[in-house]
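What follows draws every value from the coordinates through simple rules; no lab data is involved. Since the model is a prediction, treat every value here as computed from it, not as a measurement. Because the Cβ atoms are built from the backbone with ideal geometry, glycine has one as well, and the counts that use them run over all protein chains shown.
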Amino acid sequence: MVARADFDYSDGANGAAVRFTGRLTLARLGDVPARLDELGPIESIDLSGIERIDTVGAWIVTRTVNEHGAKVVGASPEAERLLEALKDDKSEYRVHRDRRSAIERMLDQVGTASLAIWRELVGIIDFFGAMIVALGIQIRARRRLRWHAVVTRFQTVGVDALPIIGLMSFLIGIVIAQQGAVQLEQFGLEVFTINLVGRASLRELGLLMTAIMVAGRSGSAFAAQIGTMKLTEEVDAMRTIGVSPMEAIVLPRVAASTITMPLLGFYASICAIIGGGVFCWVGLDIPPLTYVQRLREIIPMHDFYIMLIKAPVFGILIGVTGCYEGMQVRQNAEEVGKRTTSAVVAAIFLVIVLDAFFAVFFSSLGWN
Amino acid sequence: MTDEIQAEIQEELAAAEAVRPEKFEFAIRIRGLKNQFGDAVIHENLDLDVRSGEILGIVGGSGTGKSVLLRSIVGLQTPTEGEIEVYGKTLDAITDQEESRDLRRRWGVMFQGGALFSTLSVAENIQVPLREYYPRLDQKLLDEIAAYKVSMVGLPPDAGPKFPAELSGGMVKRAGLARALALDPALLFLDEPTAGLDPIGAAKFDELIRELADTMGLTVFLITHDLDSLYATCDRVAVLAEKRVIAVGTIPELLATEHPWIQDYFNGPRGRAAASCKQAIERQDGKS
């Protein structure tokens with residue numbers, strides 16, 4: 001039977017006489033400090049009834065003594081020592097590698113590289129699974145998502161990326177319109193430039209360029225931050241304390257990139273359409289009003305839905321790849337650089353592969 | 001009459017306090033531990049007992065796996081074979097998350113480089129374990145706890161709000177120690193606490209560890225290369241060599257063994273210097 005900390009008190013002439021009972025320790029403290037604050041002046045503190053005391057308990061006593069000028073009676077030698085300690089405080093013979101024939105080395109490299117690609121793919125899938133499990137544990141334990149960390153990432157992944165993604169998309173819009181117009185002009189069909197810009201931006205290019213940019217800006221940042229935390233043993237420190245790194249580091253980052261991608265993707269599409277519109281107005285003499293009207297006729301709603309379905313998937317992919325590569329860092333600072341590079345390369349490659357898959361998939365659904 | 005009863009109760013309570021944490025003669029029991037990385041065997045048939053309330057120093061040449069041993073005990077490294085019990089519980093066998101948290105709450109680990117969370121200030125670092133285990137503590141008490149922990153480890157008063165990057169090596173170690181002590185653990189793991197400190201700083205750190213262990217009744221698992229530290233702080237010393245613990249005992253007991261490594265270690269030039277220094281200090285203390 002483990003007794004919680006408690007106290008009873010009796011009022012005297014110069015204030016209450018408080019007598020503590022149970023374990024005056026951090027784990028058993030309960031609401032003792034709050035109740036103690038509610039009492040009026042305290043004249044004496046009796047520690048003879050306590051089973052155990054630690055520094056937190058001793059601190060509560062010291063605090064009360066300092067506030068009320070109370071006397072301590074009945075302290076055991078251990079308690080005495082703790083109180084004394086807190087009293088005046090505050091304030092690493094061969095040099096060369098074996099030489100082998102060129103063919104042997106080439107075969108070796110091809111084999112090693114192939115294995116590395118396979119392991120990486122398995123590793124990312126494995127990591128994704130572990131992340132889902134961590135999410136499940138978090139939900140079951142009814143601990144809330146670290147929203148503060150997520151919102152901080154919104155700033156770095158989303159808001160801070162707005163200028164560069166906007167400018168990039170605007171220019172891409174102009175380039176598509178200009179190149180399209182040159183080809184279509186030969187048939188006298190310049191007006192179809194609008195179809196080209198509108199549909200390509202919303203359905204494919206806006207989001208694809210955004211994903212590449214986010215992978216480059218944020219996927220790499222995730223890998224580098226987490227890699228550095230691994231090097232300085234911060235991640236190990238979290239584990240010994242009992243904080244799950246998946247929960248504290250990975251989930252907020254993946255959540256942020258997943259939620260941010262659709263917003264950034266839509267924003268990028270609009271910027272590309274504006275860029276195309278500006279070229280049509282200046283280069284082809286199509287007034288903005290006509291441009292907008294024509295867009296409304298030719299862009300089907302499912303182009304927008306396709307973008308909304310693809311965006312979070314790309315977000316998860318970029319977040320997971322970045323965090324996975326970061327968590328793979330071992331031993332030295334050089335690894336951080338290597339892992340950051342592979343985070344970006346793997347993320348962009350996987351995004352493009354998935355995008356091709358989506359294109360075929362949605363076409364066979366009849367969403368042309 | 002009542003005074004006598006009072007005195008008896010006091011004695012009993014003091015006796016109960018003295019064996020804290022009660023029931024366990026050994027804080028850590030390791031039997032037949034084996035650790036292997038690829039083909040490299042680091043530990044084989046390693047046995048070690050750490051008594052409750054003692055400061056046990058772990059010594060051994062570089063690469064004998066002192067840090068690996070620590071990592072195995074705290075669960076960062078799953079042993080290839082063998083059993084490790086901490087307060088009667090085997091970490092690997094615990095499947096219940098709450099139970100493993102309960103065990104983790106009873107130890108504090110101070111890593112070699114401090115391993116302070118770089119995005120948090122010193123005070124916030126100290127509060128991380130407190131917030132994790134006691135989410136209902138109010139901010140005022142959290143701040144007070146952080147403040148007295150900072151003072152207990154001998155950091156200057158303005159250290160609390162500083163970030164780890166702004167601290168010197170010695171201060172980072174003290175801050176790491178403060179975080180390890182945040183939950184008032186019964187068991188403290190220290191990985192080369194005095195490495196990289198100047199001799200004065202190292203001596204102060206030894207004193208601090210001894211003092212904290214005495215005041216708080218701590219069991220300390222101390223990895224060190226520093227002979228002065230061994231003489232100044234440790235109750236017993238365990239020697240790691242040949243992939244196992246070859247000897248455990250007080251320094252005079254170890255000196256009586258004839259193992260060549262132990263003889264080299266304690267009777268080498270540095271070992272003799274540390275020993276004579278200790279004798280000189282004791283002589284002086286005897287005079288005054």
If the only charges are +1 at each Lys and Arg Cβ and -1 at each Asp and Glu Cβ, what is the size of the charge dipole of segment B:169-241 around the Cα centre, to the nearest 20 debye? 180 debye
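Based on the Cα atoms of segment B:197-288, what semi-axes does the equivalent ellipsoid have, where each is the square root of 5 times one gyration tensor eigenvalue, given in whole Å with the largest first?
The answer is 22, 18, 13 Å, longest axis first.
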A convex hull over the alpha carbons of segment B:90-133 yields, per residue, a volume in Å³ of 98 Å³
Give me the percent relative contact order of segment A:1-48, please, defined on Cα pairs under 8 angstrom at least 6 residues apart. 44 percent
With no solvent and one point per C-alpha, what does the Debye sum give as log10 I(q)/I(0) for segment B:124-234 at q = 0.14 Å⁻¹? -0.56
Bridge type composition, chain A - antiparallel percent by DSSP, nearest 5: 40 percent
Net charge of Cβ neighbours under 11 Å - reference A:Val157; Lys, Arg +1; Asp, Glu -1: +2
Given 37 °C and 0.692 mPa s, compute D for segment B:97-163 with the Stokes-Einstein relation, Rh being the Kirkwood radius over Cα pairs; round to the nearest whole µm²/s. 253 µm²/s
Principal axes first, then extents: for the Cα atoms of segment A:111-237, list largest minus smallest coordinate on each axis, whole Å, largest first. 67, 44, 30
On the formula 1/(1 + (r/R0)^6), with r taken between the Cβ atoms of A:Arg296 and B:Ser62 and R0 of 51 Å, the FRET efficiency rounded to 0.05 is 0.10
Residue by residue through B:173-184, how many Cβ atoms from other chains fall within 10 Å of the Cβ on average? 2
Let's test the formula: R0 of 45 Å, r as the Cβ-Cβ distance of A:Asp37 and A:Ala141. What FRET efficiency results, to the nearest 0.05? 0.90
Report the normalised scattering of the protein assembly as shown as log10 I(q)/I(0) at q = 0.05, 0.07, 0.10 Å⁻¹, calculated by the Debye formula with identical scatterers on the alpha carbons. -0.35, -0.63, -1.02
Cross-link table B:Lys140/B:Lys162; B:Lys204/B:Lys278; B:Lys89/B:Lys243; B:Lys162/B:Lys278; B:Lys140/B:Lys204; A:Lys71/B:Lys173, entries beyond 27 Å C-alpha to C-alpha: B:Lys162/B:Lys278; B:Lys140/B:Lys204; A:Lys71/B:Lys173
Work from the charge dipole of the protein assembly as shown (Cβ charges, +1 for Lys and Arg, -1 for Asp and Glu, about the Cα centre) and give the residue of B:Asn35, A:Gln178, A:Ile318 farthest towards its positive end. A:Gln178
Tell me which of A:Val329, B:Tyr231, A:Ala221 sits at the most positive position along the dipole axis of the protein assembly as shown, charges placed on C-beta atoms (Lys, Arg +1; Asp, Glu -1). A:Ala221
Would you tell me the mean number of C-beta atoms belonging to other protein chains that fall within 10 Å of each C-beta in B:128-134, as a whole number? 4
Ordered by packing density, taken as the mean number of other Cβ atoms within 10 Å over each peptide's residues, highest first, how do A:214-223, B:93-102 rank? A:214-223, B:93-102
May I ask you to derive the relative contact order of segment A:117-225, considering only C-alpha pairs under 8 Å and at least 6 residues apart, and to give it as an integer percent? 24 percent
Order these peptides, A:61-71, B:55-65, A:29-39, by their mean beta-carbon neighbour count within 10 angstrom, highest first. B:55-65, A:61-71, A:29-39
In debye, nearest 20: dipole of the protein assembly as shown around its Cα centre with unit charges on the Cβ of K, R (+) and D, E (-)? 2240 debye
Taking a crude spin-label model, label points 7 Å out from Cα along the C-beta direction, the A:Val278 to A:Ala359 distance in nm is 2.7 nm
Towards the positive end of the charge dipole of the protein assembly as shown, with charges on Cβ (+1 Lys, Arg; -1 Asp, Glu), say which of A:Thr55, A:Gln293, B:Gly82 has the farthest Cα. A:Gln293
Report the extension gain between B:Glu258 and B:Ser168 in nm, rounded to one decimal, defined as 0.36 nm multiplied by the number of residues separating them, less their alpha carbon distance. 28.3 nm
How big is the charge dipole of chain B about its Cα centre, in debye rounded to the nearest 20, if each Lys and Arg gets +1 on its Cβ and each Asp and Glu gets -1 on its Cβ? 880 debye
Taking R0 as 41 Å and r as the Cβ-Cβ distance between A:Phe192 and A:Ile125, the FRET efficiency 1/(1 + (r/R0)^6), rounded to the nearest 0.05, comes to 0.45
Ratio to report: Rg/Rh of chain B, with Cα atoms as the point set and Rh obtained by the Kirkwood method; give two decimals. 0.98
Binning at 5 angstrom from zero up to the longest distance, how are the C-alpha pair distances of segment A:328-368 distributed in percent? 6, 21, 16, 13, 12, 10, 8, 7, 6, 3, 0
Sorted peptide list for B:34-46, A:198-210, criterion being average Cβ within 10 angstrom, highest first: A:198-210, B:34-46
Can you pull the mean other chain C-beta count within 10 Å for peptide A:267-277? 0
So what are chain A's ellipsoid semi-axes, whole angstrom, largest first, if each one is the square root of 5 times an eigenvalue of the alpha-carbon gyration tensor? 62, 31, 17
